[in-house]
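Visitor: Okay, handing you the structure first.
The values are calculated or read from the model by the stated rules, or taken from the named source; none is laboratory data. What you see is a predicted model, and the numbers here were worked out from it, not measured in a lab. Please note: Cβ atoms are built from the backbone with ideal geometry, for glycine as well, and neighbour counts cover all protein chains shown. These area figures cover heavy atoms from the full protein model, side chains too; ligands, DNA and RNA do not enter into them. Shrake-Rupley method; radii C 1.70, N 1.55, O 1.52, S 1.80 Å.
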Amino acid sequence: MKKIEILKWLATATLIIGTAVNSYGYYPEGPLILALGGFIWLIVSIMWKEWSLIVTNVILTIMGVGGVIIKYYFN
């Protein structure tokens with residue numbers, strides 16, 4: 001199995017787990033796991049040079065981490 005195949009399946013599994021954790025209301029674990037999945041997909045997107053996925057996953061990662069930072073440091 002190629003490295004990129006492993007990364008994209010790892011990212012997908014991470015997003016599925018993050019969605020489950022998030023749906024059970026675990027905060028900040030849920031958003032942080034989702035951000036990690038987005039970051040891994042961002043790496044894959046960059047390797048593919050696929051701009052639509054790069055933009056989507058940059059925003060996903062920033063929103064996940066940024067939301068936690070705002071919640072804990074600005075509220």
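Visitor: Ser52 versus Tyr24, label points 7 Å from Cα toward the beta carbon: distance in nm?
Guide: Rounded to a tenth, the inter-label distance reads 3.4 nm.
Visitor: So what does Ile69 come to for accessible area, using a 1.4 Å probe and Å² rounded to 10?
Guide: 80 Å²
Visitor: Under a 1.4 Å probe, what is the accessible area of the chain per residue, stated in Å²?
Guide: With the other protein chains kept in place, the chain gives 71 Å² per residue.
Visitor: Compute the signed sum of charges (Lys and Arg +1, Asp and Glu -1) over the other residues within less than 15 Å, Cβ to Cβ, of Leu36. Could you put the intermediate results ahead of the total?
Guide: Working: positive: Lys8; negative: Glu29.
Summing Lys and Arg as +1 and Asp and Glu as -1 gives 0.
Visitor: Which whole-number percent is the relative contact order of the chain (Cα, under 8 Å, 6+ apart)? Write down the numbers at each step before the final one.
Guide: Working: 78 pairs, mean separation 22.0, N = 75.
Relative CO of the chain lands at 29 percent.
Visitor: When only DSSP loop residues count, what chymotrypsin sites (Phe, Trp or Tyr not before Pro) in the chain have their Cβ near at most 13 other Cβ atoms within 10 Å?
Guide: Values: sites: Trp9, Tyr24, Tyr26, Phe39, Trp41, Trp48, Trp51, Tyr72, Tyr73, Phe74; in loops: Tyr24, Tyr26, Phe74.
Filter output for the chain: Tyr24, Phe74.
Visitor: By Kyte-Doolittle mean hydropathy of at least 1.0 and Cα axial length of at least 18 Å, which whole DSSP H helices of the chain are selected? Don't skip to the answer; put the middle values down first.
Guide: Numbers: long enough: 3-23 (30 Å, 0.95); 29-48 (28 Å, 1.75); 51-73 (32 Å, 1.50).
Result, helices passing both filters: 29-48, 51-73.
Visitor: Would you work out which of Ile69, Leu42, Ile59 lies farthest towards the positive end of the dipole of the chain? Charges go on Cβ: Lys and Arg +1, Asp and Glu -1.
Guide: So the residue furthest toward the plus end is Leu42.
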